[in-house]
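A short reminder: the numbers here are calculations on the coordinates, not readings from a lab. Here the structure is a predicted model, which is why all the values come from computation and not from measurement. Counting neighbours? That spans all protein chains shown, and the Cβs are built from the backbone with ideal geometry, glycine included.
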There are 2 protein chains.
Amino acid sequence: MTFTITIAYIAAIIISLVSFGVALYFFFWVKRQPSSNETIHRIGALIGKGANTFLRREYLLLARFAGAATILILLFLPSPIWSAKSPMTNVLMAISYVFGTVLSALAGKIGIAVATIANMKAAEAATKGIRPSFMAGFRGGAVMGMAVVGASLLGVTIVYMVTNGDSSSVLGFSFGASSLALFAKAGGGIFTKTADISADLVGKVELGIPEDDPRNPAVIADNVGDNVGDVAGMGADLFDSNVASMAAALVMAIALNRESFVPMVFCYAALGLLASSIGVLLARMGKKANPTRALNMSTYITTALFAGFTALATFLFFNKEYGWRIWAAMTVGLLVGTLIGIVSDFFTNDNKHPVRYVSNASKSGPAFTILSGVSYGFLSVLPAMVGIAISALAAYQICAPLNPDDPTYGMFGIAMAAVGMLSIVGMIISNDAYGPIVDNARGLVEMGGLGDTALEVTDELDSAGNTVKAVTKGFAIGAAGLTIIALLGTFMSEVNVAVAEAAQEGITLKGIETFDILNPLVFFGLLVGAAIPAVFSAMLMLGVDRNAQRMVAEIHRQFKEIVGLKEGVHGVEPEYEKCIDIATVGALKELIPAGLMAIIVTLAVGFIGGVEAIGGYLAGNIVSGLLLALFMSNAGGLWDNAKKYIEAGNHGGKGSDAHKAAVVGDTVGDPFKDTAGPSLNTQVTVVSLVSSLMSTLFLTYSIFR
Amino acid sequence: MTFTITIAYIAAIIISLVSFGVALYFFFWVKRQPSSNETIHRIGALIGKGANTFLRREYLLLARFAGAATILILLFLPSPIWSAKSPMTNVLMAISYVFGTVLSALAGKIGIAVATIANMKAAEAATKGIRPSFMAGFRGGAVMGMAVVGASLLGVTIVYMVTNGDSSSVLGFSFGASSLALFAKAGGGIFTKTADISADLVGKVELGIPEDDPRNPAVIADNVGDNVGDVAGMGADLFDSNVASMAAALVMAIALNRESFVPMVFCYAALGLLASSIGVLLARMGKKANPTRALNMSTYITTALFAGFTALATFLFFNKEYGWRIWAAMTVGLLVGTLIGIVSDFFTNDNKHPVRYVSNASKSGPAFTILSGVSYGFLSVLPAMVGIAISALAAYQICAPLNPDDPTYGMFGIAMAAVGMLSIVGMIISNDAYGPIVDNARGLVEMGGLGDTALEVTDELDSAGNTVKAVTKGFAIGAAGLTIIALLGTFMSEVNVAVAEAAQEGITLKGIETFDILNPLVFFGLLVGAAIPAVFSAMLMLGVDRNAQRMVAEIHRQFKEIVGLKEGVHGVEPEYEKCIDIATVGALKELIPAGLMAIIVTLAVGFIGGVEAIGGYLAGNIVSGLLLALFMSNAGGLWDNAKKYIEAGNHGGKGSDAHKAAVVGDTVGDPFKDTAGPSLNTQVTVVSLVSSLMSTLFLTYSIFR
């Protein structure tokens, strides 16, 4: 172990612990905030109980899946245990996998725990003004941000250190994180949109009662959904992306046999976390500022700190020959991430042309809301995809000269761009988790009857959450995009390593030098891979659709059978738990098939077409996954804000025909942006990791080889 | 010139002439049918005039574009005229290009000419029963089918014969056909959906008057749209695909330097036309049969005849060593085309689960119609893409053993599969053009007041047209899919030919051996190429959206200002021409930008990233183009039929809430399936051809080379 790597390990571990410290500090700070309102307490407790129940049942289900996967890994990966050189590799990999799932689950659990407290505190604080309410929401979100990123950095560091840089174990850990994220994101996404759509459909559209009205039987389920979908699901998603980007860079450094690159990965990731920790600690809302500016300001501070820290570290610690190139590749990622965020903002901000156009089109009816929204959603993919394409090309070109004969250096540059883009992820998660917390707070203010001033405060905080969310989502997709391109390189490395290892044992496997598009196996994979994200999205959306139909029936039943509910007779309450239960049972039923489909098709393509088909398959999957994820996230965000723009009094305001049309757009957009769109990142990551892990088996046992 | 090629030329020319004969025979047969109703005559004349006016103005606009393109080709293609070995190549290519545009325009013109007569005849015949009305509709469509396919075969044969197998000229001819098709399809698609949506929106939704009601100012424009969009546009589209598939196969045969393959291409294409001619001549509706069965039966007969003819020809004329392999590759294409048609039918047939599910979901409101339709649309891409992937792989594997060292043989196999899939295109076009003719006939029956029995007859014929349309659309997309994969191979061939030619002149150009996905330039192209179909679709749909808003305003004006129009006072008529004019002007304004964008981005990627980036770009374009085309066509067809299923009296029938929701779905689906979806085939083809044509320039002048 060289001196630099030791320092890097220590830095990564210390900074992870610092971030846990910040998380704890915020957690107790949030807990200390006053809360005295009875109703809010009672409803808050209901939300917390619902979220925890769902999470427990979801994790119990996933534990079975993870258990089966662990046994399969132990037996077959990285190579069948009976033929493995050292069975210990299989054991380490299985343990790393379990470690990854446990940390990912824990991150979700912590996020929920604090979010379901912070929502009550932010609600109560709203009676005192916008600044204390903002702080409660933001610091609640920051607990999640710090915990998730700290856990991912600490986890990767421990796995890498303990296994002494075993790439199978690093990939196994990443696969653990991803496979859990895949199902958690899907399950949470189905839960939240089932409740949201059903509550809106019966409440707002049919009965014309306001959002978050306590008479609505689905209203608590809706709030639970914000937590399990947007907080826990999103946390698992970004935990997964963050781990995957580090894993890709590390595995490529191992394949390149350049130990000196490894400390740079740890160092940059750690400095990103440090910058984020400082950023969230400094976050304040100025007296005259608005919440959006406060959130953005902390992001800018974090970004600037990060750029400064890493430049300094590169100058002080790393070899000048390659240090600055790798730093530059990383910085390209950071810049492009920011640019993609800005583009997402253009397409979903209600001050800009697209939202205005769609709002105006809504006057002609829902068909035009949908058509124009789909059109702008399609347009929005261009700048982001070109941005990802340019950053991948630039990062490659920056690092390729390190050894012009070995393209893996260029791919390592792309992996570092992904690390750079995800470096400030602690800040991003904090901003993102802030959204559902203040959304919940708004609901509690309404249900607790805290008055109109408090409602205005939470409305403003909520609106800032929506604006920032579009940016962070663009960022998350961009980061996932670069990460999965890097994982394609990882797959290639793993294949070549497997071929080399087999050759040492005297077995000749047909290696690959290129994934040539004109090779019919590659092209075959390309077409099949491109279809998967569409099918995956469809399965999730149909899940929401079926589930929402069940819940709508239940809401209708309650309004019919519970006397006095519709009229709001004092003391009459709906049976909230029934709706929570329907959302839970439905989500658990629907979350497995889509993810399993993606994994099974990957195995089928690999065992039929071999590694060449998988190369094409991954490329097709990446391209179509990015396309659909960008389309669905942006179109969904656009519809959401078009509806809000009309609700703000434009084109006739609430209750007008334009508003009704915009509500249709928003309802369509909900599963687009909160179920299918963000799950696609994880789907692509999981498929990439499965392919890398299975590379030896695909090489050995496929039909076309 | 060998003996076989002479026979092939003669066969191709004679069979083209035979198909023209069949077309003429049908044309006069249709003209001879009785028509005496005054109103129908008057309205039919209005439709004919509107269609011809639009076509004339569209062609005038496109003539300017084609003129500019001709000059550019003359100056720069295949290589700049001042540096060209023989400037004659540039001249021949320019002439071939013009020839391609003229034939394509002519095919559209002929289709319109007969369709605008056949609609009146079919309407009048409907009073006598379903069989004569069917025959008038079908034979009208068959004129178009025979003329289009005859012209494409004759055109390719003449160009190949006169230029003695010059691949630039063959590609130039194909580019002429495609570039015209690109704009004609986009323009017609925008026209037809502008009118359709506007007529429905004001007529059916706002005022509750029936479809095709003569009081509706947009009703004639709607009928004109069926002709310019579905007849002329679709004809140009399939003309283009058919020419491109032959061009791809021929260019690859030239690149392989296997002259003996050329006669097979001509021979199989000619036999396909012969089989189609016989098929359409035999088409009859049995006494007890329904129109759908009659249409399908003729297709089966054609397919069987074609398989038999080609097997016989292969046995008699072609070398056994390669003959059967090439035949088998072609047959794979034919089979898979049929399979894709069957899958499209499953997703859009109102007897099957998807349409039933969406109809049922419509009871919960338009958001659910859209969500479930989008979901099934996404699901529908899987079987078709897997089918195309498998057929490409199989065709490649069948022909690759002809020379295992040269992958071009495998690509030639894929090109032959595309030729096979398109072989029965004469029949397909006939079935497809039948649809808008009987749709028009239905309108004329309604407006001419021919009575309820005649209306029922045309309703049944129209419904058969819709069912068959889904199948033919799936077929068209599948064929385009294989063709563009073959064009990717053509691009590679052209690049290698250009490199070889430059080497002869002592210039060293960096050739390419592979389009490796891990090459960052290829990956860059892949991402950008995948974004283009989304942007292209968005531009067309926004065009429809803007145009429809203008027309809706005009319809509102007329109902407001023309006294007695709404009440249907005898003798009061709307100003039909105003609406036709709005649709025309709007479509002409909107049709250029989208197509031009696709071409300009291709040039930008090529001159920046060079041929490697273009390789990735084409692959990305193909994959995403297929994905979106399948999604949009199938979702659109599904919504259309879900609406019809409800109108047939299910879930509350016409006027129910479910029906209103289904109308929203149908309105969204209209530009999906009739504007953007089918235009994507042409967009991808044009981009592929531009790339092949520009290969030398990209090799010589790109920044990264």
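Placing unit charges on the Cβ atoms only, positive for Lys and Arg and negative for Asp and Glu, gives the stretch B:417-568 a dipole magnitude near 400 debye about its Cα centre.
If you take the square roots of the eigenvalues of the alpha-carbon gyration tensor of the stretch B:358-440 and sort them as a ≥ b ≥ c, do you get rounded (a/c under 1.5), prolate (a/b over b/c) or oblate? Oblate shape, in that a/c is at least 1.5 and b/c is the bigger or equal ratio. Which FRET efficiency, nearest 0.05, do A:Arg284 and A:His41 yield, Cβ-Cβ r, R0 25 Å? Result of the calculation: an efficiency of 0.35.
Each distinct pair of alpha carbons in the protein assembly as shown adds a 1/r term; the inverse of their mean, the Kirkwood radius, is 32.3 Å. With the cut-off at 1.5 for a/c, could you classify the stretch B:383-431 from its C-alpha gyration tensor as rounded, prolate or oblate? Oblate, because a/c is 1.5 or more while a/b does not exceed b/c. Note on B:His353/A:Leu207: beta-carbon distance plugged into 1/(1 + (r/R0)^6) with R0 of 30 Å gives a FRET efficiency of 0.40.
Between the residues B:Ala94, B:Ala107, B:Gly229, the greatest Cα displacement towards the positive end of the dipole of chain B, with unit charges on the Cβ of Lys, Arg, Asp and Glu, is found for B:Ala107. The simple Förster model, with R0 at 51 Å and r as the Cβ-Cβ distance, assigns A:Asn403 and B:Ala311 a FRET efficiency of 0.35. Sorted shortest first, the separations between the B:Ala84 label point and its copies elsewhere in the assembly read 6.5 nm; each point sits 7 Å from Cα along the Cα-to-Cβ line.
Charging the Cβ of each Asp and Glu at -1 and of each Lys and Arg at +1, and nothing else, the dipole of the protein assembly as shown about its Cα centre rounds to 120 debye. Between the residues B:Ile484, B:Ala583, B:Phe27, the greatest Cα displacement towards the positive end of the dipole of chain B, with unit charges on the Cβ of Lys, Arg, Asp and Glu, is found for B:Phe27.
By the beta-carbon count within 10 Å of each Cβ, the least crowded to most crowded order of A:Val374, A:Val585, B:Val471, fewest first, is A:Val585, B:Val471, A:Val374. Dipole of the stretch A:3-701 computed with +1 at Lys/Arg Cβ and -1 at Asp/Glu Cβ about the Cα centre; of A:Thr508, A:Ala244, A:Phe536, farthest Cα towards the positive end is A:Ala244.
Given +1 at the Cβ of Lys and Arg, -1 at the Cβ of Asp and Glu and no other charges, the dipole of the stretch A:3-701 around its Cα centre is 880 debye to the nearest 20. Ordered by the count of other Cβ atoms within 10 Å of each Cβ, fewest first, A:His41, A:His651, A:His353, B:His570 give B:His570, A:His353, A:His41, A:His651. For chain A, the relative contact order comes to 21 percent (Cα pairs under 8 Å, sequence separation of at least 6). Would you calculate a helix-derived [θ] at 222 nm for chain A, using -39,500 (n - 2.57) for each DSSP H run of n ≥ 4 and dividing by the full residue count, to the nearest 500? The helix contribution divided over chain A gives -29000 deg cm²/dmol. Coordinate range of the alpha-carbon atoms in chain A per principal axis, descending: 81, 51, 44 Å. Backbone geometry of the stretch A:177-193 corresponds, through the Karplus equation with coefficients 6.51, -1.76 and 1.60 at θ = phi - 60°, to 3J(HN,Hα) couplings of 4, 5, 5, 5, 4, 4, 6, 5, 5, 5, x, x, x, 5, 4, 5, 7 Hz, x marking Gly and Pro. Exposure proxy for B:His659, A:His556: other Cβ atoms within 10 Å of each Cβ, ordered fewest to most, give A:His556, B:His659. Exposure here means at most 16 other Cβ atoms within 10 Å; with chymotrypsin sites (Phe, Trp or Tyr not before Pro) in a DSSP loop as sites, the longest stretch of chain B lacking them is B:83-703. A 19 angstrom limit on the alpha carbon distance is what I want to check against. Which of B:Lys644/B:Lys673; B:Lys363/B:Lys660; B:Lys352/B:Lys654; B:Lys128/B:Lys469; A:Lys352/A:Lys644; A:Lys578/A:Lys654 exceed it? Checking Cα-Cα distances, B:Lys352/B:Lys654; B:Lys128/B:Lys469; A:Lys578/A:Lys654 exceed 19 Å. Counting, for every residue in A:387-393, the Cβ atoms of other protein chains within 10 Å of its Cβ and taking the mean gives 6. Can you tell me how the stretch B:274-373 classifies by the Cα gyration tensor, rounded, prolate or oblate, using a/c under 1.5 as the rounded cut? In terms of gyration-tensor shape, oblate.
In this assembly of identical copies, the label point of A:Glu573 (Cα plus 7 Å along Cα-to-Cβ) is separated from its counterparts by 7.1 nm, sorted shortest first. Sorted from shortest to longest, the distances between the B:Ala289 label points of this copy and the other copies are 7.6 nm, with each point 7 Å from Cα along the line through the beta carbon.
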